[in-house]
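Single-structure report; data block below.
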Amino acid sequence: MKRTLISSVIAVLLFTAVFGLAYPLLFTGVSQVVFPGASIGSKLERDGKLVGSKLIAQDFRKPALGPNGKPKTDKDGNPVMVADPRYFQSRPSQTSYSPSATFFSNLGPNSTDARDEVKANIASYLALERRYDRGLTAGAVPADAVTQSASGVDPDISQTNARIQAHRIAAVRGLPMATVNKLIADHTDGRFLGLFGEPGVNVLELNLALDGQAT
């Protein structure tokens, strides 16, 4: 009995040391060498300050102001947010782009609430973009512009979405369309392994590059 107990304790300590300490430390060390950026969260800095991660979407909206110049609030007392026209906008998010709570709406494809939400998102998208792209119609609005991703914090938008928004960005910032389109191309990730998924435009990196442009 005593021998069995000792063997059990030794086994627990050994496996704890190997799989609880050595194994994680080994892979952490290897990842730091092989993938130095990705292993620590793909952080992005500007002027020495951390501004986010290229893997997590951010909110590029701003508080809407009322006639009195103060921020508007909804019936629950939360600030009403509107898109900042100077920036490319991320996909809609169920969690307001919170990285600590990533999930999406449980509304199914036959849900009237989901239908109404998409309709409202299309209307908002057209209200923001059609002023700068007169030929834009509801049928031409990309799906990713009005629907949530599975995580709610997808950092990328489609190339089609980015090119539609480019008209607004060029007009508001006083930049040539060629400059904005080149920035989009420079911050577009290709298909995974060249085969899977669709190319995506990283919104945070693109907006940081925009802020680096002279207007």
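The values are calculated or read from the model by the stated rules, or taken from the named source; none is laboratory data. Note that the coordinates shown come from a computational prediction; the quantities given were computed from them, not determined experimentally. All Cβ positions, glycine included, derive from the backbone under ideal geometry; neighbour counts span all protein chains shown. Protein only, heavy atoms only, side chains kept; ligands, DNA and RNA dropped before computing areas. Shrake-Rupley method; radii C 1.70, N 1.55, O 1.52, S 1.80 Å.
If you place +1 on the Cβ of every Lys and Arg and -1 on the Cβ of every Asp and Glu, how big does the dipole about the Cα centre of the chain come out, in debye to the nearest 20?
That gives a dipole near 260 debye.
Which lysines, if any, have their Cα less than 30 Å from the Cα of Lys43, not counting same-chain residues under 8 positions apart?
Within the straight-line cut-off, Lys43 pairs with Lys54, Lys62, Lys182.
Give the value in nm², to one decimal: projected area of the alpha carbon convex hull of the chain, averaged over all directions.
If I average the Cα hull's projected area over directions, I get 20.1 nm².
Against the longest principal axis of the chain, how steep is helix 112-129, in degrees 0 to 90 to the nearest 10, with axes from Cα atoms?
Helix 112-129 and the main axis of the chain meet at about 60 degrees.
So for the range 159-215, what percent of the C-alpha to C-alpha distances run longer than 17 Å?
35 percent
For the range 123-215, what % of the accessible area comes from carbon and sulfur atoms, probe 1.4 Å?
55 percent
For the chain, with a Gaussian network of springs between Cα atoms less than 10 Å apart, report the residue from Pro176, Pro155, Pro109 with the top mean-square fluctuation.
Pro109
Could you provide, to the nearest whole Å², the per residue accessible area of the range 93-215 with probe 1.4 Å?
I get 54 Å² per residue for this part.
Filter Lys49/Lys72; Lys49/Lys75; Lys75/Lys119 down to the pairs with a C-alpha to C-alpha distance above 32 Å, please.
Cα-Cα > 32 Å for Lys49/Lys75; rest within.
Report relative contact order for the range 97-215 in percent, whole number only (criteria: Cα-Cα under 8 Å, sequence separation at least 6).
The value is 22 percent.
Using only Cα atoms, find the angle between the long axis of helix 177-186 and the longest principal axis of the chain, and express it within 0 to 90 degrees, rounded to the nearest 10.
Tilt relative to the chain: about 10 degrees.
Long-range amide H contacts for Val82: which residues qualify at under 5 Å (H placed 1.01 Å from N, peptide plane, sequence gap of 5 or more or a different chain)?
Here Lys62, Ala64 satisfy the definition.
Using Cα pairs closer than 8 Å and at least 6 residues apart in sequence, work out the relative contact order for the chain, in percent.
The normalised contact order for the chain reaches 17 percent.
Please determine, in degrees from 0 to 90 and to the nearest 10, the orientation of helix 159-173 with respect to the longest principal axis defined by the Cα atoms of the chain, where the helix direction is its Cα long axis.
60 degrees
With contacts defined as alpha carbon pairs under 8 Å and 6 or more residues apart, what's the relative contact order of the range 103-164 in percent?
In percent, rounded to a whole number, it is 37.
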